[in-house]
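The values are calculated or read from the model by the stated rules, or taken from the named source; none is laboratory data. The structure presented is a predicted model; accordingly, all values stated were derived computationally and were not measured. Heads up, the Cβs are rebuilt from the backbone with ideal geometry, glycines too, and the neighbour counts pull from every protein chain shown.
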Amino acid sequence: MLPKADYLKTCPQTDCMFISTPAEGQGPEPCRTIYPNTHMPQDGYNVCLSGITVTGGGTVDGNSDWNPKSWWLCARLSPLTTCGWRPILQLYQYVEGLAVSDLRYINPPTGFMRLYGNVNTRVSGIILNAPYLTRNTDGINVYGGFDTLLENAVVDNGDDCVSIVPTGEWIDSGNFCFLDPSNVLCSGGHAVVQNFTCNGGHGLSIGGIRHGTVSNVTFFNITATGGQKGCTQDEAAGGGCRIKSRPNSTGSVHSIR
């Protein structure tokens, strides 16, 4: 992993704040629309890659530590805005048929894994490990997409274990997600999370919800523990299960089990 200064040069904050939308020809395949439920145009999910498998039993190391020149100490001692852009260890977006299994992830600068706008995703048998005191080391963030299964994982970290978030949640009034939270491009959910052990962090989260909708999510056989020495529970949020919302929003949440 590149040192912090090189990341900032490569990807200034203004260029990396938001994830791009699918564009025709992105990657080695032409982008296309998948209609899991109906053939109505508003119910389609745009994808630009297919059949991605990441496995092998190895370790993915973000190489972060408490060195003052690294990521974690800055995020803990300074306002988050002074730490520049901190990369996510792995990001998968607009993929149909993603499978990630039997890997160990350690020491991410910020979150471990972000799944953004994917269809038919399977993540199984992974171990995520970061110190309990680290800020924003989310385990798995699921933004939008359809048909996601996360199972058989152990997460030790300093923030959400798993979060299910609508795409477009940061878009404010005047945008289509504000005007129509049910639009598939503003949705999240359609996921099953089962057989997880979550230690030290904030547990399971729906949201944050600003605009858009999260629905059809099942959590099953989850162990979420907190109170360990140095953990971030009760500092910014408690552990267990929560729905995170924002004032003056238009979003909605339903069908969560």
Subset tally (residues that are over 21 Å from Gly111 (Cβ atoms), assigned to a loop (DSSP other than H, G, I, E, B) and at pLDDT 85 or above) for the range 45-75: 3
Checking Asn152 against (1) part of a loop (DSSP other than H, G, I, E, B); (2) among the polar types (S, T, N, Q); (3) modelled with pLDDT of 95 or more, the condition it does not meet: (1)
Considering residues of the range 96-147 that are aromatic (Phe, Trp, Tyr) and assigned to a loop (DSSP other than H, G, I, E, B) only, the residue farthest from Gly158 (Cα to Cα): Phe112
Elements of type strands (runs of 3 or more DSSP E) in the range 188-257, at least 3 residues being under 17 Å from the mean Cα position of the chain (by Cα) and within 25 Å of Gly44 (Cβ to Cβ): 203-209, 213-225
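Does Leu89 count as of a type in the set (A, V, I, L, M) and either surrounded by fewer than 16 Cβ atoms within 10 Å (Cβ to Cβ) or modelled with pLDDT under 90 (or both)?
Values: of a type in the set (A, V, I, L, M): yes; either surrounded by fewer than 16 Cβ atoms within 10 Å (Cβ to Cβ) or modelled with pLDDT under 90 (or both): no.
When the stated conditions are applied, Leu89 does not pass them.
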The range 200-231: number of residues that are under 14 Å from Gly144 (Cβ atoms), among the hydrophobic types (A, V, I, L, M, F, W, C) and surrounded by fewer than 22 Cβ atoms within 10 Å (Cβ to Cβ): 0
